[in-house]
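These notes are about the structure you will find just below.
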Amino acid sequence: MVLSLVPPGGEAPQKKVKDISSRRRERIKKVQDLFLSGLKPSEIAERFGISERMVKYDLRDGRRNYAEMASQVDQHETIGEQLALLQKCQRLAMRDYQKFIAESNKVGALRLVGEFHAKLMTLLQTTGLVREVPKKFILEDFNPFEDEEFTQEFDALILKARKKGIKIFGI
């Protein structure tokens, strides 16, 4: 009669991450960091004074740890938090645009609004919440100048640039 720890027709029971001692968990984390920074398992083994095989076990258990942690993440909650953060940043940048007096600051704030909008749309697209994003936005009646003379010159310059096909960033 042969004794085995492996159930008939099955694989050996796998250790759950919770079954690993806290000291080993710390080493696993350090081993993973070193491996991801480019060290070879043999170099890591030498550094910790353990066998290369133990390093490979640590890397395997580290991957299991990541998988277990990932399975516990609520994707909808995480996406919701990211959406809320991007929307908040976009609102704050727009508020800054409204508060700024200097034109260069206003342009910078508008660029931030655009960047946050682009990141927001990318997140929505990659999660499948939005299928298509408009390729072009047209801002009507946008002119940062209050003086009528500057307003007319600004409009004329924008029209001239569009006719030449010059890209206008931030507008």
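The values are calculated or read from the model by the stated rules, or taken from the named source; none is laboratory data. Bear in mind the structure is a predicted one, so any value in this text is a computation, not a measurement. All Cβ positions, even for glycine, are placed from backbone atoms using ideal geometry, and neighbour counts span all protein chains on display.
Out of 32, 90, which single residue is surrounded by 13 or more Cβ atoms within 10 Å (Cβ to Cβ), within 23 Å of residue 19 (Cα to Cα), outside the structural domain of residue 144 (by TED's automatic domain parsing) and under 22 Å from the mean Cα position of the chain (by Cα)?
Step by step, each of 32, 90 is checked, and only 32 is surrounded by 13 or more Cβ atoms within 10 Å (Cβ to Cβ), within 23 Å of residue 19 (Cα to Cα), outside the structural domain of residue 144 (by TED's automatic domain parsing) and under 22 Å from the mean Cα position of the chain (by Cα).
I'm checking my understanding of the structure. Among residues of segment 35-65 that are assigned to a helix (DSSP H, G or I) and among the β-branched types (Val, Ile, Thr), which one is nearest to residue 20 (Cα to Cα)?
Filtering segment 35-65 for residues that are assigned to a helix (DSSP H, G or I) and among the β-branched types (Val, Ile, Thr), the one nearest to residue 20 (Cα to Cα) comes out as 55.
Conditions (1) among the charged types (D, E, K, R); (2) more than 30 Å from residue 145 (Cα to Cα), marked per residue:
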site	(1), (2)
24	yes, yes
29	yes, yes
41	no, yes
54	no, yes
61	yes, yes
64	yes, yes
76	no, yes
90	no, no
109	no, no
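Against the condition surrounded by 11 or more Cβ atoms within 10 Å (Cβ to Cβ) and either closer than 28 Å to residue 122 by Cα or in contact with a Phe, Trp or Tyr (Cβ under 8 Å, 6 or more places away or on another chain) (or both), how does residue 80 come out, does it pass? Please lay out each step first, then the result.
Numbers: surrounded by 11 or more Cβ atoms within 10 Å (Cβ to Cβ): yes; either closer than 28 Å to residue 122 by Cα or in contact with a Phe, Trp or Tyr (Cβ under 8 Å, 6 or more places away or on another chain) (or both): yes.
Answer is yes for this residue.
Matching residues to (1) outside any loop (DSSP other than H, G, I, E, B); (2) of a type in the set (A, V, I, L, M); (3) at pLDDT 90 or above:
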position	(1), (2), (3)
87	yes, no, yes
93	yes, yes, yes
108	yes, no, yes
113	yes, yes, yes
116	yes, no, yes
124	yes, yes, no
